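Engineer: Handing you this structure, nothing more for now.
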Amino acid sequence: MIRGAEREQAILAATYALLGEIGYAAITMDAVAARAQASKATIYRRWPGKPALVKAAMDAHDAEYVAEIPDTGTVRDDLIAALVALTAQVDEHYVTMMTGLMHAMRVDAELAAALREHVADEDLGPFRTVVERAVARGELPEGTATELAHQVSEGQIMRRMFLGAPLDRAFLTDLVDELLLPILTRTFPKEER
């Protein structure tokens, strides 16, 4: 029998998996409990409702992804590696999850608030980790801001998803070279006139 942290991890993993399989609207606490082999009482002791549980599942998933970002030795290669790992997760389950959540946010204010808090948490994106490493190596100055790079990358990736365009290495390399590195270093190429 699993308890404590293992039980919590099982519940969060079950929630995240169900989000991708059936979408937010179809998820019930009964379904999560059955998948995680936990009781509903256990779930409700930790999370007051579905919005809080979904946010916790997404937080846990993103924290795990960020913890696994490889240290390649350069900020450029760290960014590319982080984005390759991120976009590798973008499949039909991810699209099901995201479209379901976007729709549900329109009618569920509690979910909308929880997801806005999730998206705004810079610790859950790869950029803080990548920048901290780059600062330690002397590649970027102390105090380099990550928020704009995070927003730009998410926007560009979401745009490509909606267009059905590939999230391939060529796109990710261009995103890093043409947008993210200039944003992080504040060195934009000057156009010749």
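The values are calculated or read from the model by the stated rules, or taken from the named source; none is laboratory data. Please read these numbers as outputs of a predicted model, since none were measured by experiment. A quick note on method: Cβ atoms are made from the backbone with ideal geometry, for glycine too, and the neighbour counts reach across all protein chains shown. Just so you know, the surface numbers come from the protein's heavy atoms only, side chains and all, with ligands and any DNA or RNA stripped out. Shrake-Rupley method; radii C 1.70, N 1.55, O 1.52, S 1.80 Å.
Engineer: Just order 25-32, 130-137 by mean Cβ neighbour count inside 10 Å, highest at the front, would you?
Structural biologist: Most protected by this proxy first, the peptides run 130-137, 25-32.
Engineer: Relative contact order of the chain, please, whole-number percent, based on alpha carbon pairs below 8 angstrom and at least 6 residues apart. Write out the running numbers ahead of the final one.
Structural biologist: Details: 166 pairs, mean separation 42.5, N = 193.
Computed value for the chain: 22 percent relative contact order.
Engineer: Whole Å is fine, so just give me how far the alpha carbon centre of the range 131-193 lies from that of the range 89-129.
Structural biologist: Taking the Cα centre of the range 89-129 as reference, the centre of the range 131-193 is 21 Å away.
Engineer: Next question. Could you look at the range 26-160 and say what percent of its accessible area is carbon and sulfur, using a 1.4 Å probe and all protein chains?
Structural biologist: 53
Engineer: If you take every residue apart from Leu175 with its C-beta less than 12 Å away from the C-beta of Leu175, what net charge results, scoring Lys and Arg +1 and Asp and Glu -1? Walk me through the numbers on the way to the answer.
Structural biologist: On the way: positive: Arg76, Arg159, Arg160, Arg169; negative: Glu154, Asp168, Asp174, Asp177, Glu178.
Neighbourhood net charge equals -1.
Engineer: So what is the accessible area of the chain per residue, in Å², with the probe set to 1.4 Å?
Structural biologist: Values: 10890 Å² over 193 residues.
Using a 1.4 Å probe on heavy atoms only, each residue of the chain averages 56 Å².
Engineer: Placing +1 on the Cβ of each Lys and Arg and -1 on the Cβ of each Asp and Glu in the range 105-161, which of Ala145, Ile157, Phe127 has its Cα farthest towards the positive end of the resulting dipole?
Structural biologist: Projecting each Cα onto the dipole axis, the largest value belongs to Ile157.
Engineer: Okay, next question. Evaluate the Debye formula for the chain with equal point scatterers sitting on the alpha carbons, no solvent, and hand back log10 of I(q)/I(0) at q = 0.10, 0.16 Å⁻¹, in q order, two decimals.
Structural biologist: So the normalised log intensities are -0.48, -1.05.
Engineer: Something else now. Normalised radius of gyration for the range 1-102, please: alpha carbon Rg relative to 2.2 N^0.38 Å, two decimal places.
Structural biologist: The reported ratio for this selection is 1.20.
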